[in-house]
Amino acid sequence: QVQLVESGGGLVQPGGSLNLSCVVSGAFLRNSFMAWYRQAPGEQRRELVASITSGRSIYYVDRKGRLTISEDNAKNAVYLQMNEVEVEDTAVYYCYGNFPSGASWGQGTQVTVSS
């Protein structure tokens, strides 16, 4: 059974930084599609934030250069470094993985940006 466990969320002031982590068990990151999604307050839809495919192909929705997605195969983990956060970044952040055995979501980690 594949499990994704996020951590690293919390309360941060505008302009600050956070590093979200997603540890995967039951599957390997190699040759997998991994992504971070977020669901803002009051929104029903989760939106894509960033993705990484097989550790090489990276995509960011945000074009301001504030985000960095990375993965560590030795730790079987994916990370999202968020810099210069804005109030609009407030959301529950979810880790998503599409593996040969199927797709899985994490339980989410809350990020609140407020002064």
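No value in this document is a laboratory result; all are computed from the given coordinates. Note that this is a predicted model, so its numbers are computed, not measured. Neighbour counts are summed over all protein chains in view; Cβ atoms, including those assigned to glycine, are modelled from backbone coordinates with ideal geometry.
A few points about this structure:
- Scaling the Cα radius of gyration of the chain by the globular reference 2.2 N^0.38 Å produces a ratio of 1.00.
- Dipole magnitude of the chain about its Cα centre (Cβ charges: Lys, Arg +1; Asp, Glu -1), debye to nearest 20: 300 debye
- Antiparallel DSSP beta bridges within the chain, as percent of all bridges there, nearest 5: 95 percent
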